[in-house]
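Structure record follows, encoded as structure tokens.
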Amino acid sequence: MNAVAAEPLVALVGNPNCGKTALFNLLTGSRQKIANYAGVTVERKEGRLRTASGSRVRVLDLPGAYSLRPRTPDEQITCDFVLGRLADEPRPDVVVAVVDATNLRRHLRLVLALRRLGQPVIVALNMVDLARRRGLPIDAPALGRELALPVVETVGVRAGGAQSLLDYLERQHAAPESAVADGVDAPARAGGRAAPLDEAAAVAADMASVAADQHEVERILGRLGLEGVPADTPSDRIDRFVLHPVVGPLVLSATLFLVFQAVFAWAQPFMRAITALIAALAGLIGAALPAGLLQSLLVDGVLAGAGSVLVFLPQIVLLFAFILVLEDSGYLPRAAFLLDRLMGSVGLSGRSFIPLLSSFACAVPGILAARTIPNARDRTVTILIAPLMTCSARLPVYTLLIGTFVPARTVGFGVGLQGLVLFVLYAAGVGGAFAVAWVLKRLRRANAIQPLQMELPTYHVPSLRNLGIGLLQRVEVFVRRVGTIILALMVLLWFLSSFPAPPAGYPGPAIEYSLAGRLGSLLAYLFAPIGFNWQISIALVPGLAAREVVVGALGTVYALSAAGSDVAGQVAPLIARAWTLPTAFALLAWYVFAPQCLSTLVAARRETNSWRYPAIMAGYQFALAYLAAGLTYHASRWLLALP
Amino acid sequence: MPPDRPTRPPEKTLGLEELPLHTDARIVAVEARKGHEAADLAERLAEIGFLPGERVRLLARALFGEPLAVRVGSDTFALRRSEAACVRVVALPLRVLRP
Amino acid sequence: MSALFERLIVAAAVLASALYAFKALAPFGWRVAVARRLSGRLPDRLLIWLAGQGACDACGPRPAPAALRRRSR
């Protein structure tokens with residue numbers, strides 16, 4: 001490695017739940033870049049930090065690993081990286097082994113394994129504030145002597161908590177030779193390959209070596225006066241309620257209910273504001289530009305396209321915020337614990353809970369979150385059923401149709417009929433997802449018991465800083481991914497819906513004449529049996545890009561010239577007159593299942609590395625949608641005794 | 001004649017999943033059962049802290065009996081019944097001296 | 001704003017969107033093939049962008065720029 005040309009690379013390694021990510025955030029702030037490792041879907045988090053003297057250091061946050069013997073794709077990356085097996089990645093200059101000071105008993109084993117690799121290792125004793133508060137005798141220099149490694153104290157959640165680590169890296173960078181004095185293995189530093197290491201011995205593969213390592217750890221802990229096992233911790237006391245077989249599920253239901261209420265209620269004012277903003281922009285453009293192609297592109301194509309994404313941002317931000325708080329606090333694994341049996345009945349595990357929960361805002365981040373599921377089959381099934389979780393994009397469609405066709409009555413106990421129908425639609429989505437998972441479980445033949453071994457970390461108060469950074473990251477990824485591709489697709493669909501333009505004096509709506517319109521008319525034959533008229537069929541074509549687009553597309557089809565928020569208001573009376581009740585219900589049923597979202601398919605493609613699964617997803621969802629719509633149409637016709 | 005010394009009863013090992021809640025126990029052995037990727041499971045359990053000599057406690061059992069929340073060392077893990085069954089423990093007497 | 005100018009802008013926007021959608025969605029092999037076919041006619045940088053990592057950036061290693069340029073010289 002030429003120390004002069006390239007910036008030094010520091011790798012953060014540690015057990016899961018050691019506070020590594022908080023430390024990474026502290027070191028790099030928002031100067032992080034998230035990408036993928038070549039060929040796999042494991043996230044690669046790299047950031048930059050500036051030392052006091054102004055030199056730049058690259059920091060890599062590796063996925064948490066319990067040992068150097070990998071069990072999940074995440075762990076595989078960490079092991080491969082540390083052992084230098086990744087072709088595209090350089091060997092790190094320094095490995096920072098992050099350990100939880102309150103739990104050295106387990107975390108030190110990985111340090112021993114890392115030490116055997118012969119690379120420069122420095123131990124970051126994290127969460128020392130918690131340890132001191134619990135009265136544990138923390139003595140970093142003593143630990144350093146026992147380990148024969150440099151040890152620094154860090155507090156990942158406090159500003160300035162990484163100062164000692166920064167100072168050490170600074171000294172390292174300035175004078176590498178001094179590392180020898182600190183006890184780091186000199187040969188590895190001597191500007192070349194480390195001595196050929198006995199990987200098998202380093203990795204400590206079998207039970208006997210793990211036990212031997214544990215003995216060593218206990219010896220060290222004994223020397224430091226840390227061998228005691230803690231009594232009842234505050235976490236345990238909370239867990240008596242949270243994990244209680246009866247109280248636990250109640251707490252979970254209440255939490256989920258609160259989250260949903262908050263997300264839908266609190267986001268409303270922001271969503272209205274954004275809608276108004278877009279409508280205002282549309283008005284401005286309409287006034288500034290003469291009616292024509294460009295105006296149409298900007299208003300009907302770009303604004304409608306960007307608008308359809310941005311309007312959901314408040315909901316997505318709120319839902320992410322709740323999920324991050326629950327995750328950071330340590331509650332989510334408990335929720336997964338409580339739901340594990342339920343999920344197990346359809347062949348999933350409790351770990352699928354988080355991705356599926358995220359999918360209620362939008363399936364794209366939900367699909368991305370499926371990376372945390374170690375079992376490949378579970379992961380694929382979770383990805384396949386995530387779009388059935390009623391995502392926010394369905395709401396404009398549901399709102400339009402329910403508002404227009406379901407009378408605003410109450411059915412007793414103060415429950416409104418409209419709210420009830422909405423709930424039924426949500427339940428149908430979740431029910432459908434579980435049914436599909438169950439079918440996939442039967443098809444899989446393997447009755448293998450999925451391993452669990454899920455850690456329930458100690459509870460702690462989520463740090464606002466980490467929350468902010470995490471939220472910003474996820475929102476950025478979402479907006480960038482969805483915004484760019486959806487915008488491009490909207491422009492293309494606008495094009496297909498506007499060309500060829502009809503000759504002057506054409507009696508019907510302009511869209512009928514266009515390419516999209518012709519496609520829709522063909523589709524109308526396909527959709528006639530389930531009650532869709534040609535206007536719906538045409539509107540579904542641009543609606544393929546994103547679900548909420550169909551509302552605007554209906555407006556276009558009914559030859560409206562309004563933009564943005566006005567459309568729904570003007571479309572409602574038109575469709576109230578033109579459509580029958582069974583048609584409206586059939587469209588609702590279609591929307592529960594239909595994959596009218598290109599972004600979801602693209603995300604699935606990205607996460608599964610092939611087009612096969614998105615194709616299966618699109619296929620079975622269209623089939624289900626058709627079936628559901630058909631059944632609903634004919635059943636409601638029969639029930640309402642219509643011809 | 002020397003007084004009868006009370007003999008120690010033979011230690012009865014249980015599977016971890018059979019342990020009553022909130023009872024301290026010590027791990028005696030971690031054995032793989034047939035039908036899992038056997039050796040792998042035992043090692044994995046060892047790696048997350050289930051080693052002979054470690055102290056364990058069952059914190060909670062979900063409805064329907066699984067998963068189980070287990071305290072081992074300073075950590076808490078959720079395990080399936082079948083995973084917990086691989087861990088053989090012996091219950092410790094109630095009054096345990098803590099260092 | 002003249003009608004011709006308008007048409008030009010709109011055409012450019014549509015073309016750019018089509019290109020972006022292709023880059024983001026099409027399989028890696030297709031993109032490389034298209035890039036090779038267009039090499040010489042479009043600037044190299046654009047072609048590398050087209051064939052490079054898109055939404056499917058897990059599909060494989062990036063093409064070496066040399067491999068793309070080979071055809072155009």
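None of the figures in this text is laboratory data; all of them are computed from the coordinates on show. No experiment lies behind these values; they were computed from the predicted model shown. Here the Cβ positions follow ideal geometry from the backbone for every residue, glycine too, while neighbour counts run over all protein chains shown.
Determine, for A:127, A:617, the number of other Cβ atoms within 10 Å of each Cβ, and report the residues in order from fewest to most. Spell out each step's value before the answer.
Values: A:127 27, A:617 24.
Taking fewest neighbouring Cβ atoms as first place, the list is A:617, A:127.
Before rounding to the nearest 500, sum -39500 (n - 2.57) across all DSSP H runs of length at least 4 in chain A and divide by the residue total; then give [θ] at 222 nm in deg cm²/dmol. The partial results should precede the final answer.
Working: 29 runs with 374 residues, N = 643.
Value at 222 nm, helices only, nearest 500: -18500 deg cm²/dmol.
Nearest 10 degrees is fine. How inclined is helix A:163-174 to the longest principal axis of chain A, computing both from alpha carbons?
70 degrees
Ranked highest first by average number of other Cβ atoms within 10 Å, how do A:67-80, A:88-101 line up?
A:88-101, A:67-80
Could you list A:460, A:107 in order of exposure, starting from the residue whose Cβ has the fewest other Cβ atoms within 10 Å?
Fewest-to-most ranking of A:460, A:107: A:460, A:107.
Give me a comma-separated list of calculated 3J(HN,Hα) values for the stretch C:36-45, in order, Karplus coefficients 6.51, -1.76, 1.60 applied at θ = phi - 60°, integers in Hz, x for any Gly or Pro.
4, 5, 8, 5, x, 8, 10, x, 4, 4
Each residue of the stretch A:136-145 in turn: what ³J(HN,Hα) in whole Hz from Karplus with 6.51, -1.76, 1.60 and θ = phi - 60°, glycine and Pro shown as x?
Here the 3J(HN,Hα) series is 7, x, 9, 9, 4, x, 5, 4, x, 5 Hz.
What are the semi-axes of the equivalent ellipsoid for the stretch A:477-639, taken as the square roots of 5 times the Cα gyration tensor eigenvalues, largest first, in whole Å?
Ellipsoid half-lengths, sorted descending, are 25, 22, 14 Å.
How compact and how long is the stretch A:243-360, expressed as Rg and Dmax of its alpha-carbon atoms in Å?
20.5, 66
In peptide B:82-92, what is the residue-averaged number of other protein chain Cβ atoms found within 10 Å of each Cβ?
Mean inter-chain Cβ contacts per residue within 10 Å come to 1.
What is the angle, in °, between the Cα long axis of helix A:598-608 and the longest principal axis of the Cα atoms in chain A? Nearest 10 is fine, range 0 to 90.
30 degrees
Based only on other Cβ atoms within 10 Å, what is the fewest-to-most ordering of A:216, A:512?
Details: A:216 15, A:512 19.
By the 10 Å Cβ count, ascending: A:216, A:512.
In degrees, nearest 10, range 0 to 90: what is the angle between the Cα axis of helix A:376-385 and the longest Cα principal axis of chain A?
So the inclination is approximately 30 degrees.
Pop out the ³J(HN,Hα) list for the stretch C:10-25 in order, Karplus 6.51 cos²θ - 1.76 cosθ + 1.60 with θ = phi - 60°, rounded to Hz; leave Gly and Pro as x.
4, 4, 4, 5, 5, 5, 4, 5, 5, 5, 5, 4, 5, 5, 6, 10
What does the C-alpha gyration tensor say about the overall shape of the stretch B:14-86? Classify as rounded when a/c is under 1.5, otherwise prolate if a/b is larger than b/c, or oblate.
Cα axes put the stretch B:14-86 in the oblate bin.
Average projected area of the Cα convex hull of chain A, in nm²?
It is 33.5 nm².
Please report the Cα spread of the stretch A:48-161 along all three principal axes, rounded to whole Å, starting with the longest.
Computed over the stretch A:48-161, the largest-to-smallest principal extents equal 44, 36, 25 Å.
Counting partner chain Cβ atoms within 10 Å of every residue's Cβ in A:286-293, what's the average?
Per-residue shielding by partner chains comes out at 2.
Which far-off residues, 5 or more places away or on another chain, put their amide H under 5 Å from the one on residue B:29, with H placed in the peptide plane?
Result for residue B:29 returns B:88.
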